[in-house]
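Q: Just dropping this structure here.
The values are calculated or read from the model by the stated rules, or taken from the named source; none is laboratory data. Source: prediction; values computed, not measured. Cβ: placed from backbone, ideal geometry, glycine included. Neighbour counts: every protein chain shown. Ligands, DNA and RNA are stripped out before the accessible areas are found, and what is left, the full protein with its side chains, is counted by its heavy atoms. Shrake-Rupley method; radii C 1.70, N 1.55, O 1.52, S 1.80 Å.
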Amino acid sequence: MGEAQSIQWFPGHMTKTKRQIEKTLKLVDAVAEIVDARIPVSSRNPVIDKLIQQKPRLILLNKADMADPVQTKRWIAHYRAHGIPAMPVDCKSGKGLQNFIPLVKELLKERVASWEAKGMTGRTIRVMVVGVPNVGKSSLINRMCRQSKANVEDRPGVTRENRWFTIGKGFELLDTPGVLWPKFEDPQVGEHLAFTGAVKDDILDMEHLACRLIETLRVLYPTAVLQRYQLEEQDLAQLEPYEILEAIGKKRGMLVSGGAVNTERAAIALLDEFRGAKLGKITLEQVEEAV
Ligand SMILES: Nc1nc2c(ncn2[C@@H]2O[C@H](COP(=O)(O)OP(=O)(O)O)[C@@H](O)[C@H]2O)c(=O)[nH]1
Ligand SMILES: [Mg+2]
(Lines give C-alpha, C1' and ligand atoms only; values in the text may rest on other atoms or scores of the structure.)
(Ligands and ions follow the chains in the order given, each with its own letter.)
Protein backbone atom coordinates (compact mmCIF):
# COMPACT_ATOMS: atom_id res chain seq x y z
CA MET A 1 0.00 0.00 0.00
CA GLY A 2 1.13 3.56 -0.55
CA GLU A 3 2.62 5.82 2.08
CA ALA A 4 -0.36 8.15 1.95
CA GLN A 5 -2.70 5.32 2.83
CA SER A 6 -0.70 4.17 5.81
CA ILE A 7 -0.55 7.68 7.22
CA GLN A 8 -4.28 8.06 6.86
CA TRP A 9 -4.90 4.96 8.94
CA PHE A 10 -2.88 5.99 11.90
CA PRO A 11 -5.29 7.36 14.44
CA GLY A 12 -4.42 9.76 17.18
CA HIS A 13 -6.01 7.79 19.97
CA MET A 14 -2.94 5.91 21.15
CA THR A 15 -2.27 8.27 24.02
CA LYS A 16 -5.74 7.72 25.39
CA THR A 17 -5.48 3.95 24.97
CA LYS A 18 -2.08 3.93 26.67
CA ARG A 19 -3.51 5.78 29.63
CA GLN A 20 -6.49 3.44 29.83
CA ILE A 21 -4.27 0.38 29.69
CA GLU A 22 -1.91 1.78 32.33
CA LYS A 23 -4.84 2.48 34.62
CA THR A 24 -6.39 -0.92 34.06
CA LEU A 25 -3.10 -2.74 34.58
CA LYS A 26 -3.38 -1.89 38.27
CA LEU A 27 -6.57 -3.93 38.45
CA VAL A 28 -5.20 -7.13 36.92
CA ASP A 29 -2.75 -9.84 37.91
CA ALA A 30 -1.57 -10.74 34.45
CA VAL A 31 -1.83 -9.80 30.79
CA ALA A 32 -2.71 -12.22 28.01
CA GLU A 33 -1.42 -10.78 24.79
CA ILE A 34 -2.98 -12.18 21.63
CA VAL A 35 -1.05 -12.16 18.38
CA ASP A 36 -1.91 -13.56 14.97
CA ALA A 37 0.26 -16.67 14.60
CA ARG A 38 0.69 -15.93 10.88
CA ILE A 39 2.22 -12.51 11.57
CA PRO A 40 3.38 -12.46 15.20
CA VAL A 41 5.48 -9.32 14.72
CA SER A 42 3.09 -7.12 12.76
CA SER A 43 0.04 -8.08 14.79
CA ARG A 44 1.32 -6.55 17.98
CA ASN A 45 1.93 -3.05 19.11
CA PRO A 46 5.47 -2.73 20.45
CA VAL A 47 4.27 -0.14 22.93
CA ILE A 48 2.79 -3.04 24.89
CA ASP A 49 6.22 -4.09 26.16
CA LYS A 50 6.78 -0.70 27.74
CA LEU A 51 3.28 -0.52 29.15
CA ILE A 52 3.23 -3.95 30.71
CA GLN A 53 6.69 -3.78 32.25
CA GLN A 54 6.79 -6.09 35.29
CA LYS A 55 3.25 -7.42 34.98
CA PRO A 56 3.25 -11.18 34.38
CA ARG A 57 2.39 -11.86 30.78
CA LEU A 58 1.67 -14.69 28.41
CA ILE A 59 1.30 -14.75 24.65
CA LEU A 60 -1.44 -16.55 22.78
CA LEU A 61 -0.58 -17.34 19.18
CA ASN A 62 -4.10 -17.25 17.85
CA LYS A 63 -5.39 -18.40 14.47
CA ALA A 64 -2.91 -21.25 14.82
CA ASP A 65 -5.30 -23.24 12.60
CA MET A 66 -4.13 -21.11 9.67
CA ALA A 67 -0.43 -20.81 10.58
CA ASP A 68 2.47 -23.08 9.73
CA PRO A 69 2.76 -25.41 12.75
CA VAL A 70 6.55 -25.63 12.43
CA GLN A 71 6.84 -21.86 12.66
CA THR A 72 4.34 -21.67 15.50
CA LYS A 73 6.50 -24.06 17.51
CA ARG A 74 9.53 -21.90 16.82
CA TRP A 75 7.72 -18.78 17.96
CA ILE A 76 6.68 -20.46 21.16
CA ALA A 77 10.26 -21.54 21.85
CA HIS A 78 11.38 -18.01 21.04
CA TYR A 79 9.00 -16.36 23.51
CA ARG A 80 9.79 -18.92 26.17
CA ALA A 81 13.50 -18.26 25.71
CA HIS A 82 12.65 -14.64 26.51
CA GLY A 83 10.82 -15.66 29.66
CA ILE A 84 7.29 -15.33 28.27
CA PRO A 85 5.11 -18.44 28.34
CA ALA A 86 3.28 -18.85 25.05
CA MET A 87 0.76 -21.25 23.55
CA PRO A 88 -0.98 -21.81 20.23
CA VAL A 89 -4.76 -21.39 20.15
CA ASP A 90 -7.60 -21.42 17.70
CA CYS A 91 -10.28 -19.27 19.21
CA LYS A 92 -12.64 -20.01 16.36
CA SER A 93 -12.91 -23.71 17.16
CA GLY A 94 -11.66 -23.44 20.73
CA LYS A 95 -8.73 -25.72 20.09
CA GLY A 96 -5.96 -25.26 22.64
CA LEU A 97 -8.05 -23.14 24.99
CA GLN A 98 -8.20 -25.84 27.64
CA ASN A 99 -4.56 -24.90 28.33
CA PHE A 100 -5.27 -21.23 28.88
CA ILE A 101 -6.26 -21.12 32.57
CA PRO A 102 -3.61 -23.70 33.55
CA LEU A 103 -0.94 -21.60 31.85
CA VAL A 104 -2.08 -18.45 33.65
CA LYS A 105 -2.05 -20.32 36.95
CA GLU A 106 1.43 -21.60 36.25
CA LEU A 107 2.54 -18.06 35.42
CA LEU A 108 1.11 -16.76 38.69
CA LYS A 109 2.13 -19.73 40.82
CA GLU A 110 4.36 -17.77 43.18
CA ARG A 111 1.88 -14.95 43.53
CA VAL A 112 -0.95 -17.29 44.35
CA ALA A 113 1.26 -19.02 46.91
CA SER A 114 2.06 -15.70 48.54
CA TRP A 115 -1.63 -14.71 48.63
CA GLU A 116 -2.38 -17.98 50.32
CA ALA A 117 0.45 -17.46 52.79
CA LYS A 118 -1.26 -14.17 53.70
CA GLY A 119 -4.56 -15.93 54.15
CA MET A 120 -6.04 -14.64 50.88
CA THR A 121 -7.24 -18.01 49.71
CA GLY A 122 -9.47 -18.21 46.70
CA ARG A 123 -8.64 -14.68 45.55
CA THR A 124 -9.93 -14.06 42.03
CA ILE A 125 -7.33 -14.02 39.28
CA ARG A 126 -7.88 -11.15 36.85
CA VAL A 127 -6.38 -11.12 33.40
CA MET A 128 -6.46 -8.35 30.84
CA VAL A 129 -6.62 -9.48 27.22
CA VAL A 130 -4.66 -7.18 24.92
CA GLY A 131 -4.13 -7.18 21.20
CA VAL A 132 -4.56 -5.12 18.05
CA PRO A 133 -7.93 -5.16 16.26
CA ASN A 134 -8.96 -8.43 14.59
CA VAL A 135 -6.47 -10.59 16.38
CA GLY A 136 -9.23 -12.52 18.14
CA LYS A 137 -9.77 -10.91 21.56
CA SER A 138 -13.55 -11.11 21.42
CA SER A 139 -13.39 -14.65 20.08
CA LEU A 140 -11.20 -15.68 23.01
CA ILE A 141 -13.48 -14.10 25.57
CA ASN A 142 -16.62 -15.53 23.96
CA ARG A 143 -15.09 -18.97 23.77
CA MET A 144 -13.90 -18.92 27.35
CA CYS A 145 -17.27 -17.66 28.53
CA ARG A 146 -19.09 -20.34 26.61
CA GLN A 147 -16.88 -23.05 28.04
CA SER A 148 -17.60 -21.99 31.56
CA LYS A 149 -21.20 -20.82 31.13
CA ALA A 150 -20.06 -17.49 32.44
CA ASN A 151 -21.73 -14.17 32.49
CA VAL A 152 -20.82 -10.60 31.87
CA GLU A 153 -21.00 -8.20 34.72
CA ASP A 154 -20.72 -4.50 35.19
CA ARG A 155 -18.89 -3.15 38.14
CA PRO A 156 -18.77 0.24 39.73
CA GLY A 157 -15.57 2.13 39.08
CA VAL A 158 -15.02 0.79 35.63
CA THR A 159 -16.29 2.27 32.38
CA ARG A 160 -18.94 0.59 30.35
CA GLU A 161 -16.34 -0.82 27.94
CA ASN A 162 -14.37 -2.19 30.85
CA ARG A 163 -16.48 -5.21 31.38
CA TRP A 164 -15.25 -8.13 33.37
CA PHE A 165 -16.05 -11.59 32.15
CA THR A 166 -16.18 -14.29 34.75
CA ILE A 167 -14.84 -17.49 33.33
CA GLY A 168 -14.91 -20.28 35.79
CA LYS A 169 -14.55 -19.96 39.50
CA GLY A 170 -12.15 -17.26 40.62
CA PHE A 171 -11.06 -16.26 37.16
CA GLU A 172 -11.93 -13.11 35.24
CA LEU A 173 -11.04 -11.64 31.87
CA LEU A 174 -11.11 -8.05 30.70
CA ASP A 175 -10.96 -6.92 27.08
CA THR A 176 -8.40 -4.26 26.04
CA PRO A 177 -9.69 -0.87 27.05
CA GLY A 178 -9.61 1.40 24.00
CA VAL A 179 -8.19 0.43 20.65
CA LEU A 180 -4.61 -0.71 20.56
CA TRP A 181 -3.52 0.14 17.05
CA PRO A 182 -0.69 -1.75 15.38
CA LYS A 183 2.43 0.09 14.29
CA PHE A 184 1.23 1.21 10.87
CA GLU A 185 4.17 3.51 10.18
CA ASP A 186 6.21 0.49 9.17
CA PRO A 187 5.09 -0.31 5.59
CA GLN A 188 5.67 -4.04 6.00
CA VAL A 189 3.46 -4.11 9.06
CA GLY A 190 0.61 -2.46 7.16
CA GLU A 191 1.10 -4.84 4.28
CA HIS A 192 1.07 -7.98 6.41
CA LEU A 193 -2.03 -6.82 8.23
CA ALA A 194 -3.65 -6.20 4.86
CA PHE A 195 -2.67 -9.67 3.58
CA THR A 196 -4.36 -11.29 6.54
CA GLY A 197 -7.45 -9.13 6.23
CA ALA A 198 -6.95 -7.15 9.43
CA VAL A 199 -7.34 -3.91 7.48
CA LYS A 200 -10.42 -2.82 5.58
CA ASP A 201 -10.10 -3.67 1.91
CA ASP A 202 -11.92 -0.60 0.65
CA ILE A 203 -8.86 1.52 1.32
CA LEU A 204 -6.50 -0.87 -0.42
CA ASP A 205 -5.35 -1.38 -3.97
CA MET A 206 -6.13 -5.07 -4.28
CA GLU A 207 -4.01 -5.72 -7.36
CA HIS A 208 -0.98 -4.11 -5.81
CA LEU A 209 -1.57 -6.01 -2.60
CA ALA A 210 -1.97 -9.32 -4.44
CA CYS A 211 1.29 -8.71 -6.30
CA ARG A 212 3.08 -8.08 -3.03
CA LEU A 213 1.58 -11.25 -1.59
CA ILE A 214 2.79 -13.20 -4.61
CA GLU A 215 6.30 -11.81 -4.07
CA THR A 216 6.22 -12.89 -0.44
CA LEU A 217 4.70 -16.32 -1.02
CA ARG A 218 6.97 -17.32 -3.86
CA VAL A 219 9.91 -16.94 -1.52
CA LEU A 220 8.39 -18.51 1.61
CA TYR A 221 5.84 -21.04 0.29
CA PRO A 222 6.33 -21.54 -3.47
CA THR A 223 4.83 -25.04 -3.43
CA ALA A 224 1.59 -23.78 -1.91
CA VAL A 225 1.14 -21.33 -4.78
CA LEU A 226 2.16 -23.84 -7.44
CA GLN A 227 -0.27 -26.43 -6.20
CA ARG A 228 -3.19 -24.12 -5.67
CA TYR A 229 -2.98 -22.41 -9.06
CA GLN A 230 -1.33 -25.14 -11.13
CA LEU A 231 1.46 -22.88 -12.29
CA GLU A 232 4.76 -23.86 -13.82
CA GLU A 233 7.63 -23.77 -11.37
CA GLN A 234 9.72 -21.66 -13.73
CA ASP A 235 6.90 -19.16 -14.25
CA LEU A 236 6.45 -18.68 -10.54
CA ALA A 237 10.15 -18.12 -10.07
CA GLN A 238 10.77 -15.87 -13.04
CA LEU A 239 7.68 -13.95 -14.10
CA GLU A 240 6.83 -10.51 -12.77
CA PRO A 241 4.27 -10.68 -9.94
CA TYR A 242 1.67 -8.99 -12.15
CA GLU A 243 2.22 -11.64 -14.84
CA ILE A 244 1.73 -14.34 -12.23
CA LEU A 245 -1.52 -12.66 -11.21
CA GLU A 246 -2.56 -12.76 -14.87
CA ALA A 247 -1.65 -16.44 -15.06
CA ILE A 248 -3.78 -17.12 -11.98
CA GLY A 249 -6.73 -15.23 -13.49
CA LYS A 250 -6.34 -17.09 -16.77
CA LYS A 251 -6.35 -20.47 -15.04
CA ARG A 252 -9.57 -19.47 -13.37
CA GLY A 253 -11.13 -18.16 -16.58
CA MET A 254 -11.39 -14.65 -15.18
CA LEU A 255 -11.50 -12.75 -18.44
CA VAL A 256 -12.97 -9.46 -19.57
CA SER A 257 -14.45 -8.88 -23.02
CA GLY A 258 -11.64 -8.86 -25.53
CA GLY A 259 -9.96 -11.74 -23.76
CA ALA A 260 -7.73 -9.88 -21.31
CA VAL A 261 -7.46 -11.22 -17.79
CA ASN A 262 -9.52 -9.54 -15.11
CA THR A 263 -6.62 -9.07 -12.73
CA GLU A 264 -8.75 -7.28 -10.17
CA ARG A 265 -10.89 -10.39 -9.79
CA ALA A 266 -7.80 -12.57 -9.71
CA ALA A 267 -6.35 -10.37 -6.98
CA ILE A 268 -9.48 -10.63 -4.88
CA ALA A 269 -9.56 -14.40 -5.37
CA LEU A 270 -5.94 -14.81 -4.32
CA LEU A 271 -6.33 -12.64 -1.24
CA ASP A 272 -9.59 -14.33 -0.24
CA GLU A 273 -8.08 -17.75 -0.63
CA PHE A 274 -4.97 -16.82 1.30
CA ARG A 275 -7.07 -15.38 4.12
CA GLY A 276 -9.22 -18.48 4.14
CA ALA A 277 -6.08 -20.66 4.41
CA LYS A 278 -6.95 -22.31 1.08
CA LEU A 279 -3.27 -22.19 0.18
CA GLY A 280 -2.47 -24.12 3.32
CA LYS A 281 -1.08 -23.21 6.72
CA ILE A 282 1.19 -20.26 6.18
CA THR A 283 3.25 -18.06 8.48
CA LEU A 284 4.54 -14.88 6.90
CA GLU A 285 6.82 -13.81 9.73
CA GLN A 286 9.31 -16.34 10.89
CA VAL A 287 11.70 -16.42 13.83
CA GLU A 288 15.03 -15.08 12.74
CA GLU A 289 17.30 -15.64 15.66
CA ALA A 290 18.16 -19.16 16.75
CA VAL A 291 16.71 -20.12 20.09
N1 LIG B 1 -9.51 -19.14 11.56
C2 LIG B 1 -9.57 -18.45 12.72
N3 LIG B 1 -10.25 -17.31 12.77
C4 LIG B 1 -10.30 -16.64 13.94
C5 LIG B 1 -9.65 -17.12 15.10
N6 LIG B 1 -9.87 -16.23 16.10
C7 LIG B 1 -10.62 -15.25 15.59
N8 LIG B 1 -10.90 -15.47 14.28
C9 LIG B 1 -11.66 -14.61 13.36
O10 LIG B 1 -10.97 -13.36 13.27
C11 LIG B 1 -11.89 -12.28 13.18
C12 LIG B 1 -11.61 -11.24 14.26
O13 LIG B 1 -11.86 -11.82 15.54
P14 LIG B 1 -12.32 -10.97 16.80
O15 LIG B 1 -12.46 -11.90 17.95
O16 LIG B 1 -13.49 -10.11 16.46
O17 LIG B 1 -11.04 -10.02 17.02
P18 LIG B 1 -10.87 -8.74 17.98
O19 LIG B 1 -11.01 -7.55 17.10
O20 LIG B 1 -9.47 -8.87 18.50
O21 LIG B 1 -11.88 -8.83 19.06
C22 LIG B 1 -13.27 -12.91 13.26
O23 LIG B 1 -13.75 -13.07 11.95
C24 LIG B 1 -13.02 -14.25 13.92
O25 LIG B 1 -13.96 -15.21 13.55
C26 LIG B 1 -8.92 -18.35 15.00
O27 LIG B 1 -8.28 -18.83 15.94
N28 LIG B 1 -8.92 -18.97 13.78
MG1 LIG C 1 -13.21 -7.37 19.74
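Q: Quick one: with all protein chains in place, what share of the accessible area of the chain is carbon or sulfur, to the nearest percent (1.4 Å probe)? Could the numbers behind the result be given before it?
A: Values: 7390 of 14980 Å².
The value for the chain is 49 percent carbon and sulfur by accessible area.
Q: If you split all Cα-Cα distances of the stretch 43-136 into 5 Å bins from zero, what percentages do you get per bin, shortest first?
A: Here the calculated profile for the stretch 43-136 is 3, 11, 19, 24, 20, 12, 7, 3, 1, 0.
Q: Using a simple charge model, +1 on the beta-carbon of Lys and Arg, -1 on the beta-carbon of Asp and Glu, nothing else, what dipole does the chain show about its Cα centre, in debye to the nearest 20?
A: Computed charge dipole of the chain: roughly 1840 debye.
Q: Calculate for the chain the 222 nm mean residue ellipticity that helices alone would give, adding -39,500 (n - 2.57) per DSSP H run of length 4 or more and normalising by residue count, nearest 500 deg cm²/dmol.
A: -13000 deg cm²/dmol
Q: Still on this model: Quick one: of Lys50/Lys109; Lys200/Lys251; Lys23/Lys118; Lys55/Lys200; Lys18/Lys95, which pairs are farther than 29 Å apart, Cα to Cα?
A: The pairs that break the limit, which is 29 Å between Cα atoms, are Lys55/Lys200; Lys18/Lys95.
Q: What whole-number value in Å² describes the accessible area per residue of the chain for a 1.4 Å probe?
A: On the way: 14980 Å² over 291 residues.
Ligands and nucleic acids excluded, the figure is 51 Å² per residue.
Q: When the chain is fully extended, how far beyond the present Cα-Cα distance does Glu233 get from Lys55, taking 0.36 nm per residue of separation?
A: Length gained, Glu233 through Lys55: 59.1 nm.
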